[in-house]
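Notes to accompany the following structure.
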Amino acid sequence: MKHSLLLTLLLSILLVQTQAQNPGDNIDVTHYDIHLNQLNFAEKTMEAETAITLTATAQTSVILLELKSLTVSSITSENATIAQFEQEGDLLTITLSSPLASGTQALFNIKYGGHTFNESWGGFHWNGEYAYNLGVGFDSQPHNLGKSWFPCVDNFTDKASYDVFVTLDNSKKAICGGNLVETVDNGDSTSTWHWKTEQNIATYHISVAVGDYQLWEETFQSAFGNSIPIEVYAKPNQYANVESSFVNIKGIMAFFESCFGPYPFNRIGYVSTSQGCMEHTDNIALATSLINGNTAGEEFIAHELSHMWFGNKVTCATAADMWLNEGFAQFSGKFYRDSIYGTPDFQENMSSLIESIVNWSKNSNNWIALNAIPLDMTYDANAVYDRGAVIVNTLMNYMGKKRFLEGMRHYIEQHSYGTASSESLRDALTASSGIDMNGFFDTWVFTAGLPHFGIDRYEIISSGNQYQVHIYTNYKHLGPSHIGQNNIYEIAFMDADRNIHTDTVHWDGKHGHSVKTLDFAPVAVFGDYYNKFADARLERNFILSETGKKTFANLELQVESIAQDEFFRIESHLVGPDDDPELPSVTLSNSHYWTIWREDRDGTDVEGSFIYAKNFDSDIIQTENDSAILLYRTNASEAWHTIPCSYYHGSSWKLGKIIVDDLPSGDYTLAAIDLETFGFTEHTQPSLSLSPNPTRHQVTVRWNQEKDGHVRISDMKGRLMTIIPFAHAKETVISTSELPEGVYAIECREQNGRIIGTEKLIIHQ
């Protein structure tokens, strides 16, 4: 008896149904039949019916679906007994009288209607005599808005096939995803449009657009042997613009197929909507303003088309991995230019984007791992779209273009019409290429911030007609503490004729040492000359050919004189240099430093103004008593030291600039120093000296050569306190007894206004 009772209990436990907690729990929706029976444009309402075919994945008596704003009037089923249904917010709960067994298929027919939901961007919109849906909303969390026009399991992972039926008066057309099956004249001045998808897609990818559209069509002959229709549904007043706006659509398609594999759907479809763009399968919503008779909107056309591979054929499993959709599409929206307009155009566009996102990363301090985007930033332009794009570009350059594209085709096929994560992509690329991609993904995807690669120094050793170049590299990270592994970095060697020769270096950890053998002696070695890697540095190359000013990365160049043109390169490192043990009383900037390389041709004089500001250099400038100084070294093998320069204060102590008269090649950094201990060794002769400093009653100001001019004394707020002229002198004595105790700027100028030098003076009374 005990054994029988025990067996009964065990059987009862095994048969206990698993109750659903979220829509999609315990069920797999396989098909939707959506009937939009009546669209009332005046009232902005709909009457509709959706039949949902599903399979129970576990025994359940509760079916959870989502429907937003619209009200359910009835639910029926031929193969399930419904006890009741209720709506609470977006949740539609169907309770069954008896549970569905695991593996059982059932069909539920749901009638509903009312005012449709839309937000600032997504949802079901009414625009005069036009109506359309946009599958996601930026404000809604979660963002999926299939639920704004039909009941569904509204997530990325539950993909299904669709039949959509739309009944309209005969003056309008209904454009949906999939293929048009038929248009039936109902004999009452209305017609029913029937569209059908062949592939399983997510709920946010199915679409409808209604209005008096005109069809522009072409055919694309795929290299894979099939003919694919191109269909653009435009509003009548923009129909004439379509051909000019889509002039390159076949070239874009051919390029994408060559890169990512065969087009994954049945037609290339676009429809004009007042708002867009949105990557609905076969029926891309394209903002009306982009069909304008020129190619200004072509990048958007390409971006949305690439979603058919990235987002539609393979969908990110969660919103946190949205870069797999939007980052790849944003990259592709620029990558197509490589084929249509040429590689330099693509590189220029991508380089500009990299510079933008690196600056954003530094200035925002918004260090979020690329695969862990919070819901309120899923569609953030900087954090996901643009950052995702530059990381994809970095990935391509890290792997090499050929292996990258082979790997992407492998990834797309492996997860065809399914979902994927960042880990899925990593593993697919590793399997395809044979390259261990853990290092790349750990550094660029799974760790917040950006890596920084630098060249500490290089040495050239001649050996017959060849030259061994020893390159010493370093790794830092902008953001959280992280030391990358499997570091790959492109380096460039410049020859005497300014030709650029590229190669790569590999290393693990913080420091690396590589040896390259060349048949010429390079005049310079640069990191990432073509700006292919998204790392925490900015660079700009100039050919200085005339006098004047150039500005880049808080550095102003003033070309004072020029005999012949000169190559000039600025690198702005958005991390601090390593601390210098020889300068224990000096705090080096932990936010940035510069590297400058120039040909330094005879007769060319370039003045450099290093700009500092509290909002950017807060690590060294926090109060009006802080003092920013400029330090210099030829490379990382040398200790930091001072360099002759002049100090200018802006309108307040919060900003200023430090001017070097004729910039030598090397590294430059800002630093903070305790003025009372301003006593570290100068490696160069200063242009201006003060003695004594600090002082009480007077100070002697000395400079290098006999000149005519004047001395200006200003307080730390930039206010002029006094001017003392001098004539044919190399020094002057200034009384300070009338000045209050504090820190002052002493500026010495020639009669023509040229600065001799600037120093800081402390007065103790």
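The values are calculated or read from the model by the stated rules, or taken from the named source; none is laboratory data. In this text, all values refer to a predicted model and were calculated from it rather than measured experimentally. Cβ coordinates were reconstructed from backbone atoms using ideal geometry, including for glycine residues, and neighbour counts include every protein chain displayed.
Here segment 602-641 is the region considered, the condition is being over 22 Å from Ile755 (Cα atoms) and aromatic (Phe, Trp, Tyr), and the residue that is surrounded by the fewest Cβ atoms within 10 Å (Cβ to Cβ) is Phe616. Taking each residue of segment 44-67 that is outside any strand (DSSP E or B) and looking for partners that are aromatic (Phe, Trp, Tyr) with beta-carbon atoms closer than 8 Å, six or more apart or interchain, yields Lys44/Trp126; Leu67/Tyr112; Leu67/Phe150. Within segment 633-660, being part of a loop (DSSP other than H, G, I, E, B) and touching a Leu at 6+ places or on another chain (Cβ under 9 Å) holds for Ala639, Trp640, Ile643, Pro644, Cys645. Go through the residues of segment 151-160 one by one and say whether even a single one is closer than 30 Å to Thr57 by Cβ, of a type in the set (Ser, Thr, Tyr) and surrounded by fewer than 22 Cβ atoms within 10 Å (Cβ to Cβ). Looking through segment 151-160, at least one residue is closer than 30 Å to Thr57 by Cβ, of a type in the set (Ser, Thr, Tyr) and surrounded by fewer than 22 Cβ atoms within 10 Å (Cβ to Cβ). If you filter segment 516-530 down to residues that are buried (at least 17 other Cβ atoms within 10 Å of the Cβ) and closer than 19 Å to Arg598 by Cβ, you find that the one that is nearest to the chain's Cα centre (by Cα) is Asp528. Mind counting the residues in segment 68-88 that are part of a strand (DSSP E or B) and not polar (S, T, N, Q)? Adding up the residues that qualify gives 7. Among the residues of segment 643-657, those that are crowded, with 19+ Cβ neighbours inside 10 Å and hydroxyl-bearing (Ser, Thr, Tyr) comprise Ser646, Tyr647.
Looking only at segment 409-458, residues that are over 19 Å from Asn325 (Cα atoms) and over 18 Å from the mean Cα position of the chain (by Cα) come to 16 in all. Ile230 fulfils the conditions (1) surrounded by 17 or more Cβ atoms within 10 Å (Cβ to Cβ); (2) assigned to a helix (DSSP H, G or I) except for a single criterion, (2). Residues of segment 137-150 that are crowded, with 24+ Cβ neighbours inside 10 Å and of a type in the set (A, V, I, L, M, F, W, C): Leu145, Trp149, Phe150. Can you tell me which residue among Val559, Val575 is surrounded by 17 or more Cβ atoms within 10 Å (Cβ to Cβ), in contact (Cβ under 8 Å) with a residue 40 or more places away in the chain, not assigned by TED's automatic domain parsing to the domain that holds Thr502 and not in a strand (DSSP E or B)? Only one candidate passes the filter, namely Val575. Counting just the residues of segment 76-100 that are surrounded by 10 or more Cβ atoms within 10 Å (Cβ to Cβ) and of a type in the set (D, E, K, R), which one comes out nearest to the chain's Cα centre (by Cα)? So, considering only residues that are surrounded by 10 or more Cβ atoms within 10 Å (Cβ to Cβ) and of a type in the set (D, E, K, R), the one nearest to the chain's Cα centre (by Cα) is Asp90. Identify, please: which residue in segment 233-249 is of a type outside the set (Ser, Thr, Tyr) and part of a helix (DSSP H, G or I) and is, among those, nearest to His303 (Cα to Cα)? Among them, the one singled out is Ile249. Only one entry of Val358, Val271, Val314 meets the criterion of being out of contact with any helix residue (DSSP H, G or I) (no Cβ under 9 Å at 6 or more places or on another chain) and surrounded by 22 or more Cβ atoms within 10 Å (Cβ to Cβ), and that entry is Val271.
Please determine whether any residue of segment 81-95 is within 20 Å of Gln59 (Cβ to Cβ) and touching a residue at least 60 places away in the same chain (Cβ under 8 Å). No, segment 81-95 contains no residue that is within 20 Å of Gln59 (Cβ to Cβ) and touching a residue at least 60 places away in the same chain (Cβ under 8 Å). Can you find a residue that is of a type in the set (D, E, K, R) and touching a Gly at 6+ places or on another chain (Cβ under 8 Å) anywhere in segment 107-128? Looking for residues that are of a type in the set (D, E, K, R) and touching a Gly at 6+ places or on another chain (Cβ under 8 Å), one finds at least one in segment 107-128, hence yes.
In segment 554-562, the condition of being at pLDDT below 95, among the polar types (S, T, N, Q) and on the phi > 0 side of the Ramachandran plot is met by at least one residue.
For every residue, the table says whether it meets (1) touching a Phe, Trp or Tyr at 6+ places or on another chain (Cβ under 8 Å); (2) of a type in the set (A, V, I, L, M).
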site	(1), (2)
Thr504	yes, no
Lys510	yes, no
Thr517	yes, no
Val523	no, yes
Asn531	no, no
Ala536	no, yes
Glu539	yes, no
Lys549	no, no
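Residues that are of a type in the set (Lys, Arg) and within 16 Å of the chain's Cα centre (by Cα) within segment 330-380 comprise Lys334, Lys362, listed in sequence order.
Is it the case that segment 495-505 has a residue that's at pLDDT 95 or above, under 26 Å from the mean Cα position of the chain (by Cα) and crowded, with 18+ Cβ neighbours inside 10 Å? Yes, the conditions are met somewhere in segment 495-505. Within segment 400-421, the set of residues being in a helix (DSSP H, G or I) and in contact with a Leu (Cβ under 7 Å, 6 or more places away or on another chain) comprises Phe404, Gly407, Tyr411.
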